[in-house]
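All remarks here apply to the structure that follows.
Readers should treat all values here as calculations from the given coordinates under stated rules, not as data from a laboratory. Because the structure is predicted, anything quoted here is derived from the model rather than measured. All Cβ positions, even for glycine, are placed from backbone atoms using ideal geometry, and neighbour counts span all protein chains on display.
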Amino acid sequence: MFQLNCEDFFKTSDSTICTEIRSPQEAYPEHAHDFHELIIVTKGAGQHIINDVPTNLSQNYICYLSPKDRHLYEQVDNLHLTNILFKKNKLAYSPLLKSMLPKDEDEQNSWFITAESMKKVNLLLNQIEYESQHHTVDSRLMTEALFQQLVVELSRGRLSSASKNEADNSILKVIDWIQNNYAEEISINTVADQFNVSSRTLSRRIKQITNLSFNNYVHRVRINNAMNLLHYSEQSITDIAFQVGYKDSNYFSTKFKRFTNQTPSDFR
């Protein structure tokens, strides 16, 4: 693992915020950094492993990282990111704003935002990118003001399965539901009925957002959670297979190898 430092990215020593656009983001080995970071996925899919825990990346996904975290990217598929790098302790922002960012010790440091919020976020990202390139006092003040707006939008746009938003957000609600209910028996028809969307539309939109078919996305979520259990628990491979939603451990092993190029035993 290697360390990324402020001087590698920030234009001047008194800069507090900068952007790093990855279009696309390639696979990247494990690293840490001495600044805080907000990762915003604008397109594509991939796997993000934070402190050895795998997470699925797809459009409208947000992740907050502190200097205590280690992370890497792999299995990327046309993945596009905008990263907001910031020196948290040097920002002159309201204490109220800090409550809208996860605490450094929080385990839950990633979430999805609604499609409506993502449109507003994209506008703010463009403005932050422009202002952060200039090294005047007014541009620094404007960058910090825009950053505050961004944090508020990322917080109030947070998506959950209880969200009342409709349209494209229904697909994001499906993704959120799968992330929390992957161990259940899941079929596209049942989920489509539950979220009042046609199976055809659900299949098409899941593919657009995650670059995976509906079934493969479910498998991807299950395998990611299995990787976590294999790494951190002493449960048998058969028990883990059942826990993440597979009734046949041999079928689980086949799917695991397809997504990771390793057997569960080799991975463990």
If you place +1 on the Cβ of every Lys and Arg, -1 on the Cβ of every Asp and Glu, and leave all else neutral, what size is the dipole of the range 77-161 about its Cα centre, to the nearest 20 Debye? 220
With percent of Cα pairs over 34 Å apart defined as stated, name the option among [x] 11; [y] 21; [z] 14 computed from the structure displayed. [y]
Derived scalar couplings ³J(HN,Hα) [the range 233-250; Karplus, 6.51 cos²θ - 1.76 cosθ + 1.60; whole Hz; x for Gly, Pro]: 10, 9, 5, 5, 4, 5, 5, 5, 4, 5, 5, 9, x, 9, 8, 10, 5, 5
About the Cα centre, and with charges only on the beta carbon of Lys, Arg (+1) and Asp, Glu (-1), how big is the dipole of the chain? Nearest 20 debye, please. 680
With a Förster distance of 25 angstrom and the Cβ-Cβ distance between Phe2 and Gln262, calculated FRET efficiency to the nearest 0.05 equals 0.55
If each of Asn122 and Thr12 carries a label point 7 Å out from its Cα toward its Cβ, how far apart are those two points in nm? 3.2
Restrict the search to the range 201-266; then list the trypsin sites (Lys or Arg not before Pro) that DSSP places in a loop and that have at most 16 other Cβ atoms within 10 Å of their Cβ. Lys247
Residue by residue, what Karplus-based ³J(HN,Hα) values in Hz, rounded to whole numbers, does the range 40-51 have, using 6.51, -1.76 and 1.60 with θ = phi - 60° and x for Gly and Pro? 10, 8, 9, 6, x, 8, x, 10, 10, 10, 10, 6
Taking Arg22, Arg268 and counting other beta carbon atoms within 10 angstrom, the fewest-first order is Arg268, Arg22
In deg cm²/dmol, rounded to the nearest 500, the helical mean residue ellipticity at 222 nm of the chain, built from -39500 (n - 2.57) for every DSSP H run of length 4 or more, is -13000 deg cm²/dmol
Per 10 angstrom bin, beginning at 0 and ending with the bin that holds the maximum distance, the Cα pairs of the range 2-156 fall in percents of 10, 43, 39, 8, 0
Taking the Cα-to-Cβ direction at Asn215 and at Thr254 and moving 7 Å from each Cα, how far apart do the two end points lie in nm? 1.1
Fewest first, what order do Phe10, Phe256 take by the number of other Cβ atoms within 10 Å? Phe10, Phe256
If each residue's Cβ is checked for other Cβ atoms within 10 Å, how do Val197, Val218 rank with the fewest at the top? Val197, Val218
Could you tell me what fraction of 2.2 N^0.38 Å the Cα radius of gyration of the range 115-268 comes to, as a two-decimal ratio? 1.36
Only four residue types carry charge here, +1 at the Cβ of Lys and Arg and -1 at the Cβ of Asp and Glu. Report the dipole size of the range 1-58 about the Cα centre in Debye, rounded to the nearest 20. 300
